[in-house]
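So the structure is just underneath, and the comments pick up after that.
The values are calculated or read from the model by the stated rules, or taken from the named source; none is laboratory data. All figures in this text were calculated on a predicted structure; none of them were measured in a lab. Backbone-built Cβ (ideal geometry, glycine too); neighbour counts: all protein chains shown. Calculation scope for accessible area: heavy atoms of the full protein, side chains included, ligands and nucleic acids excluded. Shrake-Rupley method; radii C 1.70, N 1.55, O 1.52, S 1.80 Å.
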Amino acid sequence: TNQEEWLTLLWRDADLKASPMSALPTWHHFEDSGVAFYRTSWGDGATAFALTAGPPEGHRATTLITRVPEWRLSSGHAHPDAGSFIIWAGGRYLTGDTGYAGQPQARHHNTITVGGIGQGDEGAHDVWRGMRQAALDTIRITRATADATGVRVEADVAGAYPPAAGLARFHRVFTFDGKAAFAVEDTIETKAPKTVEWFLHADGPITAAAGAFLLGSAPAALRVRLDTPAGSKTAIGPTNLMAPGKPGSITDGQQEQRGYEIRVDVPAASAVAIKASLTVEVKR
């Protein structure tokens with residue numbers, strides 16, 4: 001039996017009244033875990049997104065671990081996806097990540113690598129084990145607002161990267177107009193000139209069209225336009241990763257293709273700005 005079945009008994013509150021799904025708010029910022037969720041409605045035709053930027057065990061763990069010295073964090077199910085986001089519309093994921101991997105890597109998510117270096121220790125299944133909790137605690141959503149004009153989420157993500165990346169700042173601003181238009185604006189600073197690799201993923205093939213990229217097709221697609229530094233190279237292709245191996249050898253699985261990606265390679269610099277405009281196109 002699963003533990004969840006027993007936990008359901010423990011947290012059951014018979015005094016709670018049943019209510020419709022529509023009574024729930026369509027927006028919430030979970031401050032401890034560092035995740036912001038938004039959806040236009042609870043209907044089938046909703047557009048929704050989620051963005052994550054927080055420590056793998058949450059901010060509260062930073063305080064608790066000092067009080068429980070024998071505690072050893074184990075975050076093998078937490079991916080190196082700080083700053084990453086998913087967008088859902090037309091009943092499907094228009095952009096997201098690649099799912100469970102034997103060797104999780106930041107490049108499998110909608111985020112960046114710096115000089116080819118991703119988040120945490122990407123040679124291990126638990127990429128966060130060797131990272132300082134104090135550094136991970138600096139990964140955070142610094143602003144999350146939603147009103148009649150739209151949604152704005154800002155996040156600082158540099159703490160997810162090991163010192164070898166030489167990353168001084170990675171600030172991501174994610175906005176949604178509440179209808180169909182998203183924007184992702186990244187400000188990246190490094191201690192010395194470094195290349196930056198920027199990723200965006202889709203389950204199906206990505207096509208180039210009229211100076212933009214199209215993720216998906218009818219009835220729902222995401223049109224992407226990029227504003228990148230001079231000299232940047234943009235390519236589309238398959239996303240390949242190492243799947244989980246057999247028990248005891250989880251980091252030694254088979255190579256698998258998991259969807260497709262846009263990859264932007266930015267030449268070495270100490271300060272980089274990248275902007276992506278993403279528009280949902282739904283045929284009803």
TYR161 vs (1) hydroxyl-bearing (Ser, Thr, Tyr); (2) within 17 Å of the chain's Cα centre (by Cα); (3) over 16 Å from ILE86 (Cα atoms); (4) open to solvent by 20 Å² or more (accessible area, probe 1.4 Å): all pass except (4)
Residue by residue through segment 225-270, note down the ones that are aliphatic (A, V, I, L, M), surrounded by fewer than 14 Cβ atoms within 10 Å (Cβ to Cβ) and in contact with a Lys or Arg (Cβ under 9 Å, 6 or more places away or on another chain). ALA235, ALA268
Does ARG258 satisfy the condition of being farther than 18 Å from PHE182 by Cα, modelled with pLDDT of 95 or more, touching a strand residue (DSSP E or B) at 6+ places or on another chain (Cβ under 9 Å) and assigned to a strand (DSSP E or B)? yes
In this structure, is LEU24 loosely packed, with under 15 Cβ neighbours inside 10 Å and touching a residue at least 12 places away in the same chain (Cβ under 8 Å)? yes
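Of the residues ALA220, ALA212, which single one is touching a Lys or Arg at 6+ places or on another chain (Cβ under 7 Å), open to solvent by less than 40 Å² (accessible area, probe 1.4 Å), modelled with pLDDT under 95 and more than 19 Å from HIS109 (Cβ to Cβ)?
Just a single option satisfies the conditions, and that option is ALA220.
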If you take the residues in segment 66-86 that are over 29 Å from ALA276 (Cα atoms) and not in a loop (DSSP other than H, G, I, E, B), which one is modelled with the highest pLDDT? ARG67
Residue in segment 171-205 that is least open to solvent (accessible area, probe 1.4 Å), counting only those that are more than 21 Å from GLY54 (Cα to Cα) and among the basic types (Lys, Arg): LYS194
Condition first: open to solvent by 20 Å² or more (accessible area, probe 1.4 Å), within 16 Å of ASP156 (Cα to Cα) and more than 15 Å from the chain's Cα centre (by Cα). Now tell me which residues in segment 74-128 satisfy that. none
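Condition check ((1) touching a residue at least 12 places away in the same chain (Cβ under 8 Å); (2) in a loop (DSSP other than H, G, I, E, B)) across all residues:
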site: GLY45; (1), (2): yes, yes
site: GLY54; (1), (2): yes, yes
site: ALA61; (1), (2): yes, no
site: LEU64; (1), (2): no, no
site: TRP88; (1), (2): yes, no
site: THR98; (1), (2): yes, yes
site: PRO104; (1), (2): yes, yes
site: ASN110; (1), (2): yes, yes
If I ask for residues that are closer than 21 Å to GLY120 by Cα and either touching a residue at least 60 places away in the same chain (Cβ under 8 Å) or open to solvent by less than 50 Å² (accessible area, probe 1.4 Å) (or both), which ones from segment 135-153 would you list? ALA135, LEU136, ASP137, ILE139, ARG140, ILE141
Filter result (closer than 18 Å to ARG140 by Cβ and of a type outside the set (A, V, I, L, M, F, W, C)) within segment 9-37: HIS28, HIS29, GLU31, ASP32, SER33, GLY34
